[in-house]
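The values are calculated or read from the model by the stated rules, or taken from the named source; none is laboratory data. Computed from a predicted model, the values in this text were never measured in an experiment. Note that we place each Cβ from the backbone using ideal geometry, even for glycine, and neighbour counts take in every protein chain shown. Note: areas computed on protein heavy atoms with side chains; ligands, DNA, RNA excluded. Shrake-Rupley method; radii C 1.70, N 1.55, O 1.52, S 1.80 Å.
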Amino acid sequence: MSYEKLITTRKLKGYTQEKLAQQIAMEQTTLSRKERGLSPISDEEWQRIATVLQVPVDDIKEFLVKILLKMSIVHLTTSL
């Protein structure tokens, strides 16, 4: 899940950062850093997040990969 999609999904499911953080055994400040892309999200954390938000973990991560690929392509084309 991209960080944007994570935030949107969290909000659509009615979770605040604090509530989701409690459900996945994480400090709210840590979740905030992860949502902003300042700290990586481990596979285990993705799984816990997906379980609580009731979304498939593969769908979440696939979206992130697409965003990262687009960013790489833009970086490559601007570097040439």
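A few remarks follow.
- Selection status of E18, at negative phi, modelled with pLDDT of 90 or more and exposed (fewer than 12 other Cβ atoms within 10 Å of the Cβ): no
- Filter pass, T30 being of a type in the set (V, I, T) and either at pLDDT 90 or above or open to solvent by 30 Å² or more (accessible area, probe 1.4 Å) (or both): yes
- Qualifying residues in the stretch 19-34 (those that are of a type in the set (A, V, I, L, M) and part of a loop (DSSP other than H, G, I, E, B)) - the one farthest from T51 (Cα to Cα): M26
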